[in-house]
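The structure appears below as structure tokens.
The values are calculated or read from the model by the stated rules, or taken from the named source; none is laboratory data. As the structure is a computational prediction, the values presented were derived from the model and not from experiment. We place every Cβ from the backbone using ideal geometry, glycine too, and count neighbours over all the protein chains shown. Ligands, DNA and RNA are excluded from the accessible area calculation, which covers all protein heavy atoms including side chains. Shrake-Rupley method; radii C 1.70, N 1.55, O 1.52, S 1.80 Å.
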Amino acid sequence: MTSPVPPEDDLSSPQPGSLVGHYRILGEIGRGGMGVVYRALDVNLEREVALKCPRPDLAGDAKLLRRFLHEARTVSRLSHPNIIPVYEVFEEGGHPWLASELVDGEDLRAALQRRGLLPVEEVLVHAEGLTDALNAAHSKGILHRDIKPGNVLIGKDGRARLADFGLAGVFASGTTDATTRSASLTGEGHVVGTPGYMSPEQVLGKPLDARSDIFSLGVVLYEMCTGHPAFAGSGQGDWMDALLHREPSAISRYNYDVPEELERIVRKSLAKRPDERYQHASEMHADLRALRRKVESGDDLSADRRKVRRLRPRGIIAGAATGIAVAVVLAGWFWIHGSGPRPLPKGQPRQLTSSPGTKGEPALSPDDGFVAYSSDETGNPEIWLMDLKSGAPLRLTDHPGADTSPAWLPDGSALLFVSDRGGSPSIYKIPRLGGTPLLVVPGSKDPAVSPDGTRVAFARPDASGDTRIGVAPLRDPGRATILTDKSDGVWSHCHPAWSPDGTKLCFEDFRDLWIVPANGGKVTPLTTDHQWNLEPEWSPDGRFVYYSSYREGTHALWRVPASGGTPERVTLGTGPEGHPSIARSGTRLAYSTYVSEDTISLLDLRSGRRTRLPSLRRANEPAISRDRSRLVFLSDRLGRSDLWSQSLRDGLPQGEPVRVAEQPGHVGTFSLSPDGRWIAYHGHIEGRRDIWILPSEGGPATKVTDSGTVNVQPAWSPDGKRLAYVSNAEGNDQIWIAPVENGRLAGRAVRLSSDDWKHSFPCWSPDGSWIAFLGLSASSSEVWIVRSDGPGPSRRVTSGAEAKQVRWDRSTGDLLVSGAWGTEHTEIRRVSPADGASSPLKPPVVFGDAAAAGSFGVSWDGSLIAYDQEAVRGEIWVLEVTRGSY
């Protein structure tokens with residue numbers, strides 16, 4: 001029996017079973033800022049729909065009713081599989097109603113909360129659909145203006161749909177002119193949208209166009225990739241400051257599976273200035289579609305390289321909480337929680353270091369009078385000691401190897417530290433005021449000495465390459481006991497910390513903290529929230545574990561009861577902040593802060609002189625001209641990857657860098673011709689990658705390949721008459737060679753290699769008879785060589801190199817190879833092409849951790865190396881307690 005239609009006054013709050021038009025109400029789904037959404041049955045077509053009407057308390061608001069009708073009219077103009085379609089708009093009982101598709105699923109906000117990080121393939125599918133939806137809306141002159149996870153519905157069919165055009169505005173279709181003013185329903189210049197997802201121009205009440213929606217979608221994609229908001233703060237002022245003045249942290253910091261290309265796409269969409277973003281949603285859609293196809297085909301190498309980071313925790317200089325504090329902690333930094341056994345202490349921050357370079361890994365001495373730390377201010381990581389009263393620093397180590405991770409003996413007489421001076425990371429001991437280091441525990445890192453001084457805990461790799469927690473007597477380190485295995489936490493186990501009574505160790509895995517008995521036994525989780533919980537440190541009374549963690553939009557120090565419980569935030573996270581060290585008295589807490597940025601450095605191999613080029617921020621893939629007069633590199637400083645040039649004189653930069661030429665699309669890996677007249681590069685335009693040749697002084701580029709396949713990584717032959725490059729024209733990434741003359745293709749390209757695995761980064765021998773390249777498989781990246789005069793067998797040169805890039809040194813005939821070489825960092829080694837024998841470059845070139853890109857260039861005479869370098873700046877701070885204790 002059909003329920004009667006309620007009286008007019010009650011129709012805005014219909015009950016289940018009642019009829020509104022020809023729709024039977026089945027129940028309420030939810031309420032938003034303007035309306036109520038019901039599940040209803042279309043009795044004519046026998047299908048369920050979402051039926052929306054204004055909220056009862058807003059039924060008298062004429063402006064909101066106009067907005068409601070505006071949404072209906074707006075969406076009715078759109079027809080796209082990734083936009084919720086409107087079936088009907090009608091008026092019943094004096095109230096407007098809107099019937100649309102009922103999505104059987106959940107919104108993106110709920111999906112992220114329930115599932116955590118989404119797989120990269122799923123992110124790309126959703127991103128591609130949503131950008132195409134935006135393109136459809138923008139082509140009709142419609143802006144959404146409120147893109148956020150709650151307005152993205154994901155059905156059980158896996159399709160994402162853009163919903164809620166209630167704040168939509170109109171603009172001149174086909175234009176991105178920033179002077180085009182949107183037709184705001186709230187009044188010109190008023191701010192509409194949702195905090196956390198608005199574009200900078202939206203927050204400032206400026207005119208909007210398609211690029212504002214692109215920014216908001218970029219914020220949503222960032223959150224899909226990381227599980228964290230792109231811009232966050234403790235209040236509206238903090239959020240707006242982050243939005244207008246700060247860049248989001250790198251996606252790779254939270255999710256190593258995300259391809260570098262996807263991070264670039266998101267980063268471009270989040271540019272502060274609209275003219276530096278994608279200008280049309282169609283451009284962003286094309287890039288996403290190309291990347292999705294590449295990932296689905298298994299052709300994305302960046303994701304594989306990111307996976308290395310899972311297995312190899314970042315070194316101290318690159319990411320173990322080193323850096324510089326950028327703000328003074330506010331007076332309201334600490335607060336008192338109403339629950340818990342002891343309120344949070346209150347402290348006054350004091351910056352201890354201020355010299356150039358990166359400082360990190362502070363360790364307070366047992367007598368509270370000194371702090372040991374690692375610093376690269378001399379150009380190489382060394383162990384330093386500072387008197388907390390005088391502030392005078394003392395360098396304890398001086399060796400070309402990287403010295404990090406200081407840890408005190410309980411009596412304060414000496415320190416343990418980690419060094420790769422013996423070829424692989426091992427633990428050494430040095431007297432308090434310096435002296436000759438002694439090897440203590442080979443093949444291990446992250447030392448921690450037991451409170452009674454008899455045992456040392458450490459992390460050591462097992463057969464899988466992941467590190468495990470072990471304990472050994474200091475008097476007989478060879479009698480080590482390994483306490484954890486692969487079932488005790490995800491991937492590597494690191495940074496063990498002793499409880500004050502010496503019975504337990506706390507350590508970190510990929511995302512959480514764990515407790516293991518020091519004599520062996522069951523391993524139990526201390527945290528289970530998977531929030532990048534790192535670098536544990538016990539409070540002196542053993543009641544808490546302090547640690548660094550990224551959560552609530554910032555990297556700060558936290559503590560959790562040692563027996564388990566709810567974490568409490570200790571610091572504001574202005575640094576980011578990490579690696580806590582607590583004095584025995586509980587009156588001091590030392591920590592480090594850091595910021596980082598990629599740049600390029602020059603190394604003169606004859607003099608040993610190193611020059612970091614601060615003007616080349618956001619720069620990579622350096623190459624040196626034959627006459628050493630200029631350095632050419634890639635940079636996305638203007639929002640897309642382009643070629644830039646820096647003049648050199650005597651191996652030093654002269655003047656400011658200049659853009660070589662403005663080319664369409666994005667410029668990828670490139671090569672300078674031997675005579676300096678041409679630059680070959682692979683260009684990424686509208687989803688296609690082809691080889692182009694550009695006059696080095698600027699001018700129009702000429703396309704060399706036009707096969708519709710992927711063609712990348714060109715390399716000039718020594719005589720300048722041929723180009724080697726990588727192409728998948730026949731299904732797999734192989735090396736092809738094309739004849740060229742005067743900057744143009746001069747004949748038919750032929751395939752050189754014929755292997756079953758992927759090839760990458762070809763380079764020619766000095767006489768042009770051989771080509772070296774990287775051979776890539778799922779588990780290895782090694783250097784191979786093949787004759788350049790025709791198809792033939794390839795020969796492997798390296799083993800265990802984990803190679804990133806290869807160059808031929810024309811002055812010696814050696815190969816120069818950047819790789820991890822089974823260590824925790826990436827370095828360049830000199831390799832014999834005859835037998836694969838390798839040795840570190842002298843002076844050494846170390847890029848950072850094992851996941852570093854390792855791109856570099858070498859001058860024609862082999863005397864000058866240009867290489868990517870992560871420029872990290874950081875300082876050591878200490879909190880002097882003013883209330884309570886740590």
* Just one of (1) open to solvent by less than 10 Å² (accessible area, probe 1.4 Å); (2) in contact (Cβ under 8 Å) with a residue 24 or more places away in the chain; (3) under 29 Å from residue 603 (Cβ atoms) trips up residue 415, so point out which. => (3)
* Filtered residues of the range 467-486 (kept if touching a residue at least 24 places away in the same chain (Cβ under 8 Å) and either of a type in the set (A, V, I, L, M, F, W, C) or farther than 15 Å from residue 425 by Cβ (or both)) -> 469, 471, 472, 474, 480, 481, 483, 484, 486
* Within the range 543-553, can you find the residues that are touching a helix residue (DSSP H, G or I) at 6+ places or on another chain (Cβ under 9 Å) and in a strand (DSSP E or B)? -> 550
* To do: Report yes if some residue within the range 537-544 is open to solvent by 40 Å² or more (accessible area, probe 1.4 Å) and among the polar types (S, T, N, Q); otherwise report no.
  => no
* Just name the residue that is most open to solvent (accessible area, probe 1.4 Å) out of those in the range 443-466 that are out of contact with any helix residue (DSSP H, G or I) (no Cβ under 9 Å at 6 or more places or on another chain) and touching a residue at least 60 places away in the same chain (Cβ under 8 Å). => 455
* Asked: Are any of the residues in the range 406-427 charged (D, E, K, R) and touching a strand residue (DSSP E or B) at 6+ places or on another chain (Cβ under 6 Å)?
  -> no
* Structure fact -> Given (1) within 32 Å of the chain's Cα centre (by Cα); (2) more than 26 Å from residue 296 (Cβ to Cβ); (3) modelled with pLDDT of 75 or more, residue 140 misses just (1)
* Among the residues of the range 733-790, write down those that are charged (D, E, K, R), open to solvent by 20 Å² or more (accessible area, probe 1.4 Å) and over 18 Å from residue 712 (Cβ atoms). => 741, 744, 748, 756, 767, 787, 789
* Asked: Among 669, 705, which is polar (S, T, N, Q), over 18 Å from residue 855 (Cβ atoms), at pLDDT 85 or above and open to solvent by less than 50 Å² (accessible area, probe 1.4 Å)?
  -> 705
* Collect the residues in the range 804-840 that are in contact (Cβ under 8 Å) with a residue 40 or more places away in the chain, under 14 Å from residue 863 (Cα atoms) and assigned to a loop (DSSP other than H, G, I, E, B), keeping them in residue-number order. => 809, 810, 811, 812, 813
* Are any of the residues in the range 121-130 surrounded by fewer than 22 Cβ atoms within 10 Å (Cβ to Cβ) and at positive phi? -> no
* Answer yes or no as to whether residue 179 is modelled with pLDDT under 80, assigned to a loop (DSSP other than H, G, I, E, B) and either buried (at least 19 other Cβ atoms within 10 Å of the Cβ) or among the hydroxyl-bearing types (Ser, Thr, Tyr) (or both). => yes
* Structure fact -> Residues of the range 565-578 being open to solvent by less than 30 Å² (accessible area, probe 1.4 Å), part of a loop (DSSP other than H, G, I, E, B) and at pLDDT 85 or above, in sequence order, are 570
* Taking strands (runs of 3 or more DSSP E) that fall entirely within the range 425-471, which contain at least 3 residues that are more than 33 Å from the chain's Cα centre (by Cα), aliphatic (A, V, I, L, M) and under 26 Å from residue 400 (Cβ atoms)? -> 438-441
* To do: Find all pairs meeting these conditions: Cβ atoms under 6 angstrom apart; at least six residues apart or on different chains; first residue within the range 359-376 and within 14 Å of residue 388 (Cβ to Cβ); second residue of a type in the set (Asp, Glu) and open to solvent by less than 20 Å² (accessible area, probe 1.4 Å).
  => 373/361
* residue 405 being at pLDDT 75 or above and at positive phi -> yes
* **the range 510-522, subset more than 15 Å from residue 470 (Cβ to Cβ) and assigned to a loop (DSSP other than H, G, I, E, B), residue least open to solvent (accessible area, probe 1.4 Å)** => 512
* Structure fact -> Picked from the range 579-595 (must be open to solvent by less than 20 Å² (accessible area, probe 1.4 Å) and assigned to a loop (DSSP other than H, G, I, E, B)), the residue modelled with the highest pLDDT is 583
* To do: Output yes when any residue across the range 481-492 is touching a Gly at 6+ places or on another chain (Cβ under 7 Å) and closer than 26 Å to residue 378 by Cα, and no when none is.
  => no
* **For residue 726: the one exception among (1) open to solvent by 10 Å² or more (accessible area, probe 1.4 Å); (2) of a type outside the set (Ser, Thr, Tyr); (3) part of a strand (DSSP E or B)** => (1)
* Between residues in the range 398-412 that are within 21 Å of residue 844 (Cα to Cα) and part of a strand (DSSP E or B) and residues that are open to solvent by 30 Å² or more (accessible area, probe 1.4 Å) and hydrophobic (A, V, I, L, M, F, W, C), which pairs lie under 9 Å by C-beta distance while being six or more apart or on different chains? -> 404/317
* Asked: If you take the residues in the range 143-160 that are modelled with pLDDT of 90 or more and among the aliphatic types (A, V, I, L, M), which one is nearest to residue 264 (Cα to Cα)?
  -> 147
* **Candidate set: the range 787-803, residues that are of a type in the set (A, V, I, L, M, F, W, C) and part of a loop (DSSP other than H, G, I, E, B); chosen: the one farthest from residue 459 (Cα to Cα)** => 797
* To do: Scan the range 528-542 for residues that are touching a Lys or Arg at 6+ places or on another chain (Cβ under 7 Å) and assigned to a loop (DSSP other than H, G, I, E, B) and jot them down.
  => 530, 531, 532, 540
* To do: Only residues that are open to solvent by 30 Å² or more (accessible area, probe 1.4 Å) and either among the acidic types (Asp, Glu) or within 27 Å of residue 197 (Cβ to Cβ) (or both): list them for the range 91-102, please.
  => 91, 92, 101, 102
* To do: Out of the residues in the range 596-653 that are hydroxyl-bearing (Ser, Thr, Tyr) and part of a strand (DSSP E or B), state the one that is modelled with the lowest pLDDT.
  => 596
* Residues satisfying the stated conditions in the range 197-224, i.e. small (Gly, Ala, Ser) and part of a loop (DSSP other than H, G, I, E, B) -> 199, 205
